[in-house]
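This report concerns only the one structure given below.
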Amino acid sequence: MPAPQLIYLLSGCALAALGLFGALAHAALLRRVMALNILGGGIFLLLIATAWNGPGAAADPVPHALVLTGIVVAVSATAFALALGRRLRATRDE
């Protein structure tokens, strides 16, 4: 069975690649915002995988703090992007 660190690393790479592809391939704003959220989730998993120091050792707290901060920033940026998209759509309809 693969180590948990390898599982986090591979799933983080897969999510990051999927999110990057979605952000580049789709033209719709909502799909791009969701793809960037998926990309961010993959990067968070990569940071968690790098925090592991081996069996019996304590994990590095700095990547965990970066992930927590990144989650707050991602939620705020998503809300801002959706508000901007809504305003853009309203100006186009006028």
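Per-residue answers, yes or no, for (1) in contact (Cβ under 8 Å) with a residue 12 or more places away in the chain; (2) out of contact with any Cys (no Cβ under 8 Å at 6 or more places or on another chain); (3) part of a helix (DSSP H, G or I); (4) surrounded by 10 or more Cβ atoms within 10 Å (Cβ to Cβ):
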{"position": "Ile43", "(1), (2), (3), (4)": "yes, yes, yes, yes"}
{"position": "Ile48", "(1), (2), (3), (4)": "yes, yes, yes, yes"}
{"position": "Gly56", "(1), (2), (3), (4)": "no, yes, no, no"}
{"position": "Ala59", "(1), (2), (3), (4)": "no, yes, no, yes"}
{"position": "Leu66", "(1), (2), (3), (4)": "yes, yes, yes, yes"}
{"position": "Val73", "(1), (2), (3), (4)": "no, yes, yes, yes"}
{"position": "Ser76", "(1), (2), (3), (4)": "no, yes, yes, yes"}
{"position": "Ala79", "(1), (2), (3), (4)": "no, yes, yes, yes"}
{"position": "Gly85", "(1), (2), (3), (4)": "yes, yes, yes, yes"}
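For region 21-41, a tally of residues being in a helix (DSSP H, G or I), under 21 Å from Arg86 (Cβ atoms) and more than 10 Å from the chain's Cα centre (by Cα) returns 7. Considering the conditions (1) in contact with a helix residue (DSSP H, G or I) (Cβ under 8 Å, 6 or more places away or on another chain); (2) under 26 Å from Arg92 (Cβ atoms); (3) at pLDDT 95 or above, His26 is excluded by exactly one of them, (3).
Of everything in region 19-41 that is farther than 19 Å from Gly70 by Cα and touching a residue at least 12 places away in the same chain (Cβ under 8 Å), the residue that is surrounded by the fewest Cβ atoms within 10 Å (Cβ to Cβ) is Leu30.
The values are calculated or read from the model by the stated rules, or taken from the named source; none is laboratory data. What you see is a predicted model, and the numbers here were worked out from it, not measured in a lab. Backbone-built Cβ (ideal geometry, glycine too); neighbour counts: all protein chains shown.
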